[in-house]
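Values quoted throughout were computed directly from the atomic coordinates according to the rules given, and no laboratory measurement underlies them. Source: prediction; values computed, not measured. Cβ coordinates were reconstructed from backbone atoms using ideal geometry, including for glycine residues, and neighbour counts include every protein chain displayed.
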Amino acid sequence: MSVVHANGKKLAFDVLPTGFQVAERLGWAEKAIAFKTQQGTFDLVCPVSETDYAELLTADNDESLAIIRHSMAHVLAQAIKELYPEAQIAIGPVIEDGFYYDIDRATPFTLGDFDGIEAKMREIIARALPIQRSTISRADALALFQKAGEGFKVRIIEDLSPEAEITIYTQGSFTDLCRGPHVPNTSCLPTHFKLMKLAGAYWRGDSKGPMLQRIYATAWTTQEALAAYITRLEEAKSRDHRQLGKDMTLFHFQEEAAGSVFWHPKGWRLYRVLQDFIRKRLEKNGYVEVHTPQLVDRSLWEASGHWEKFRENMFITETENKVLAVKPMNCPCHVQIFKNALRSYKELPLRMAEFGSCHRNEPSGSLHGLMRIRAFTQDDAHIFCMPEQIASETKAFCALLEDIYAALGFHRFSVKFSDRPTKRAGTDAVWDEAEKALQQAATEAGLTFTLNPGEGAFYGPKLEFVLKDALNRDWQCGTLQVDFVMPERLGAEYIGADGARHHPVMLHRAVLGSFERFVGILLEHYGGKLPLWMAPVQVVIATITDRAHAYAWEVYEACVQRGMRVELDLRPEKIAYKIREHSLAKVPVIFVLGKKEEDEKQVTLRFLGEENQTTCSVESGLALLQEKAKVP
């Protein structure tokens, strides 16, 4: 007899049951779509272990949406194969808020094809096709997909080991290569979906490979959720940082420097305000600031492991028979500063920060405004410490990170724990130690985290801090990585209390990540209406008549004396035009000056987004703004 625990009940079976059998016993046969345990999420046809607590999932569970979208990706692929039999299907993963499928077809798809594809998808859902899971050998999988003429599936299978068992899913006449899980029947899937857009995508991200057509889609469990998502997209479009960058004259991009930012005066002022804010927080928390070279010899990157693991993302140059790399990250250079003196355990922890300018050779097709670029600056730091200091340093970093995020207007974030990737440096024993130390430190810091398997850095596991913005979108920004590998590879040592030499632990950490990307996030989070303390131009003084110009200069000087970031608008334009233009540029405050204001030595204040005006003395107006502009 087998006894399993499911949905808070203890159930006895003659033999080990499947998820289907558990669902039938609980009366959930019509609504369960999968089940989850501590080991992961599984199809209902999979057995439920006696050692695991199982929870049946229905369509309204939060975890179920990813399963539904995964199954919808298969429905999309089946619809395309039925409509366009000559097309080859490649991969179709779930992504944030939806899914996509990459297709190889000689004739390009157009947006006009979407209605027909959506209609076919609804037809497939209505057929109520059972979705059947099978495990077959690598040889059988190769034969199956070769016969079907699915060359991309064949390439995926060829990369697997000869002993691999492969999972396939079949619904009607359509079979796809997939690990699952999936809903048990197409009738479980909602009709609240929409094909969103088309894009080009290189096979496996390799620009030398074939260019495929990527169809993006979204799916939700209710029509209301779908409509809310479409509304969010429209709001996000109005907040697009690239358009705001133009409206606010902050920055631009051009092909002659793809992936790099041309910062305009106002944009650079915003950049520096953010950087100065971070610098002061770091100084208060015991960090020392350093600056390291941009070009570093290949030998250091080989010693650190980056040449082997990260070479394809590095820009390379040669001079005097030497191969140099433009640094993609700062950590090996920081180790060199640590090594430059004989360190004592009494100097640890040593918190070494750098606003490090880095370059990474991102594919041109992946570049996206400030969000994905090749040249960027990190708010980077490395903490050299002893193993017993990992927990206290993690706790201190988390407090710093939470303080900075709150000051910048982000009060919600989640944490992911990313463990060892397939491509990594160091032994399994070292990784065991690093993962255990980081998990323990995160627990002691009071963090609740989810697992993100296989997504650690090549030299160590990491915590990833994911912000929620005003549109409820996720942005992975902060990181904390525990590294036992690089200090040893690069020969970093300190003298311990026992008089012996030891390798320090290196904590790689960032709060914002890339300054450029974070500026983009800030612009979209606030819709360009930045807090007064952060705004690159806090006040514009706009005159109604040229008779007020002399007075405007007096007010300007008073603003400068108070440390306000201020500009004058003395153009011979109507005041309504000036107000409209500065409002589009998201200037927080406009001082309107006319003959009346000059005669009474007053200013009329207009706050962005407010209809009402306030008239007061210059002194009162500046005192009010200074109070509002205090840095949190």
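Here are some notes:
- Residue-wise HN-Hα couplings along the range 132-141, as the Karplus relation 6.51 cos²θ - 1.76 cosθ + 1.60 with θ = phi - 60° gives them from phi, are 9, 9, 9, 10, 10, 6, 4, 4, 5, 5 Hz; Gly and Pro carry x.
- Cα-based shape type of the range 200-245, given that a ≥ b ≥ c are square roots of the gyration tensor eigenvalues and the cut on a/c is 1.5: oblate
- 0 to 90° range, to nearest 10: angle between helix 618-628 axis and the chain longest Cα axis: 20 degrees
- Available extension along the chain between Glu63 and Cys616 is 193.5 nm, counting 0.36 nm per residue and deducting the alpha carbon span.
- Nearest 10 degrees, 0 to 90: helix 575-584 Cα axis against the chain principal axis: 40 degrees
- Around Leu568: net Lys/Arg minus Asp/Glu count, Cβ-Cβ under 12 Å: -2
- For the range 65-236, average projected area of the Cα convex hull in nm²: 10.1 nm²
- Size-normalised alpha-carbon gyration radius of the chain, reference 2.2 N^0.38 Å: 1.14
- Distance in nm between pseudo-label sites at Asp115 and Trp307 (7 Å out along the Cβ direction from Cα): 6.0 nm
- Mean separation of Cα contacts under 8 Å (6+ apart) over length of the chain, as relative contact order %: 9 percent
- FRET efficiency estimate (nearest 0.05) - Cβ-Cβ, Leu233 to Glu255, R0 41 angstrom: 0.90
- Helical mean residue ellipticity (222 nm; -39500 (n - 2.57) per DSSP H run of 4+; nearest 500) of the chain: -10500 deg cm²/dmol
- Taking a quarter of the surface of the Cα convex hull of the range 2-58 gives a mean projected area of 3.2 nm².
- Taking other C-beta atoms within 10 Å as the exposure proxy, Thr221, Thr427 rank Thr427, Thr221 from fewest upward.
- Protection proxy ranking for 136-147, 179-190, using the average of other Cβ atoms within 10 Å per residue and placing the highest first: 179-190, 136-147.
- Between the alpha-carbon centres of the range 513-527 and the range 1-61 there is a gap of 44 Å.
- Neighbour-count ranking [beta-carbon atoms within 10 angstrom, fewest first] of Phe262, Phe413: Phe262, Phe413
- Only Lys, Arg, Asp and Glu carry charge here, each on its Cβ (+1 for the first two, -1 for the last two); on that basis the chain has a dipole of about 840 debye about its Cα centre.
- Using the empirical formula 2.2 N^0.38 Å as the baseline, the Cα radius of gyration of the range 21-123 reaches a ratio of 1.34.
- Once the convex hull of all Cα atoms in the range 539-628 is built, its volume per residue stands at 85 Å³.
- FRET efficiency estimate (nearest 0.05) - Cβ-Cβ, Glu158 to Val466, R0 22 angstrom: 0.05
- By average C-beta atoms within 10 angstrom, highest first, the peptides 95-101, 462-468, 232-238: 462-468, 95-101, 232-238
- R0 of 25 Å, Cβ-Cβ distance Ile495-Gln336: FRET efficiency to nearest 0.05: 0.85
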